[in-house]
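Heads up: the structure comes next, in structure tokens.
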Protein chains: 2
Amino acid sequence: MSALPIGVFDSGIGGLTVLKALMARLPEENFIYLGDTARLPYGTKTAQTVERYALQAVDALTRRGVKAIVIACNTASAAALPALKAAHPDLPVIGVIEPGAQAAVAATGTGHIAVLATEGTVRDGAYQREILKRMTQAKVTTVAATLLVALAEEGWIDGEVATATVRRYLAPLLASEQAVPDVLVLGCTHFPPLAQVIQHVAGSLRIVDSAVTTAEALAQLLSARALVAPAGNRGMVRFLVTDGQDRFIRVGPVFLARVIAPAEVERIDL
Amino acid sequence: MSALPIGVFDSGIGGLTVLKALMARLPEENFIYLGDTARLPYGTKTAQTVERYALQAVDALTRRGVKAIVIACNTASAAALPALKAAHPDLPVIGVIEPGAQAAVAATGTGHIAVLATEGTVRDGAYQREILKRMTQAKVTTVAATLLVALAEEGWIDGEVATATVRRYLAPLLASEQAVPDVLVLGCTHFPPLAQVIQHVAGSLRIVDSAVTTAEALAQLLSARALVAPAGNRGMVRFLVTDGQDRFIRVGPVFLARVIAPAEVERIDL
């Protein structure tokens, strides 16, 4: 069992930022990454549709044999985590929102936390719920920043367009001096490549990226359940996508920060 | 038969720019608009996937009874028109690319035509083929401008971000004075709301929007096949979407230039 790979599910390409953090924290583990590139983006879809898609994707991963599942997509974590846990009661399933909320609460001094996310994640309110569970007096401000997804996929992660876009999304947050939050959660896996521009525009705000805390949560979970890979295992990864291998290979490195070889990528139907 | 509505299929919301032109040219006709909002965008998907989705969507329209089909989506017109015509030999099916190519050829003086489109449409090369069929010595330059789709859906159709984005996409086109085209085809239905910014950046380039020429092509086709609506008919429209009625109602008016009432919109599965 412990020799099995860890399944990582994402709506497409952005989850590679989470995979990158998982591989860095757990270099001895094997991973299967499934990106539902045929049906991305999830961020503008309804919760019911996202839940249905996530159940199909996780079925595809469990059929291949996995010892744990990471839902790398914020939108799917928000919409589908309860349904996924109910459908797979014996399999550890973790999302990115609880670790992100935990990191935000640990980082804030004033208790005012901002969350930058997709429309779907903002509408669902999962970050607010998870932050307030841990810090009842917290103030949470959410900003739907849909355009940043397309910006990161285009690889325009710096320069005039990226700066102007981030500035426009953050302007209401930064407008009033009293109400400015002290922590900004990157609540979408597409956003870490834009972290430098966001930090530049956001000034003194502390940026929290849930990928690192999710990797830590997974490491603890594997350890607690005696699922750590056998000693000496050299971690491997393979990629499953539902459409567009060429685009995945071309755009993926923006998020994974390493080259993806064509032989590593397989197209599947869900 | 002539009393039946016209089916208009699009990957989502952008096709409403085509519907707007159709309703203006043919105010006496009834329309059913189907937007595959659950699976948009098509522009970054492979041709095989787009063809499969388009066949499903047109099946859903023909089951409801239609006298003609307009494929409002450039990507679907490029990838699926032959398959759709083969699957429905008795039904008039028209796309937006042939009318767009025709309008571009009519508008150019120098024979150098630029096409601004999604990745999928650019990769497919359908505009080049259709333009070269009509003007063998034409020079066609294509630009994949994926980000403009998200920009229009966000409603950011003017201002700093829109201008900087358009400028970045058009910069290579406008860089060399000798090689500058004289016509720019808006090869994606999402782009007409950005036409003013594009015109501002593109300077003297003449902008061609295929929606109007597609409406003219449909009018001629209905006339030739004796399918014009009975005299005195007052055109009606209803909308089918595969996900997110709320978003469709909120974002749609950017493209249709009129309010969409909740009662007009129905969610269906494909």
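Computed from the coordinates by the stated procedures, all read-outs in this text should not be read as laboratory data. The structure presented is a predicted model; accordingly, all values stated were derived computationally and were not measured. Note: ideal-geometry Cβ built from the backbone for every residue, glycine included; neighbour counts use all protein chains shown.
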If the label for B:Lys133 sits 7 angstrom from Cα along the Cα-to-Cβ line, what are its distances to the same label in every other copy, in nm to one decimal, shortest first?
5.7
Label-to-label distances across copies for B:Ser176, with labels 7 Å out along Cα→Cβ, in nm, shortest first?
5.5
List every DSSP H helix in chain B whose Cα atoms extend 18 Å or more along the helix's own long axis and whose mean Kyte-Doolittle hydropathy is at least -0.5.
B:47-63, B:74-87, B:160-175, B:210-224
Among B:Ala217, B:Ala76, B:Ala24, residue whose mean-square fluctuation peaks in a GNM of chain B (springs only between Cα atoms under 10 Å)
B:Ala24
Between the stretch B:1-50 and the stretch A:2-31, the Cα center-to-center distance that results, in Å:
39 Å
Could you sort out which of B:Lys85/B:Lys133; A:Lys45/A:Lys67; B:Lys85/B:Lys139; B:Lys45/B:Lys67; A:Lys45/B:Lys20; B:Lys20/B:Lys67 sit more than 27 Å apart by Cα distance in this structure?
A:Lys45/A:Lys67; B:Lys85/B:Lys139; B:Lys45/B:Lys67
Taking the label point as lying 7 angstrom from Cα along the Cα-to-Cβ axis, what are the distances from B:Gly235 to the corresponding position in the remaining copies, in ascending order and in nanometres?
5.8
Innermost chain B residue relative to the axis carrying B onto A, by Cβ distance in angstrom
B:Ala150, 2
Fewest to most neighbouring Cβ within 10 Å: what's the order for B:Phe239, A:Phe9?
B:Phe239, A:Phe9
Which is farthest toward the positive dipole end of the stretch B:98-210 among B:Ile157, B:Ala107, B:Ala144, measuring Cα position about the Cα centre, with Cβ charges +1 (Lys, Arg) and -1 (Asp, Glu)?
B:Ala107
About its Cα centre, how strong a charge dipole does chain B have in debye, to the nearest 20, once Lys and Arg get +1 and Asp and Glu get -1 at the Cβ?
360 debye
Could you give the size of the charge dipole of the stretch A:97-210 about its Cα centre, using +1 on the Cβ of each K and R and -1 on the Cβ of each D and E, expressed in debye and rounded to the nearest 20?
420 debye
If you take each beta carbon of peptide B:164-172 and count the beta carbons of other chains within 10 angstrom, what is the mean?
3
For the stretch A:1-130, what does the alpha-carbon gyration tensor say about shape, rounded, prolate or oblate, given a ≥ b ≥ c as the root eigenvalues, a/c under 1.5 as rounded, and a/b over b/c as prolate?
oblate
When chain B is modelled as a GNM with alpha-carbon springs shorter than 10 Å, which of B:Gln245, B:Gln137, B:Gln196 fluctuates the most?
B:Gln137
Using a simple charge model, +1 on the beta-carbon of Lys and Arg, -1 on the beta-carbon of Asp and Glu, nothing else, what dipole does the protein assembly as shown show about its Cα centre, in debye to the nearest 20?
420 debye
For the peptides A:99-107, A:254-262, what is the packing order when you average, over each peptide's residues, the other Cβ atoms within 10 Å and list the highest mean first?
A:99-107, A:254-262
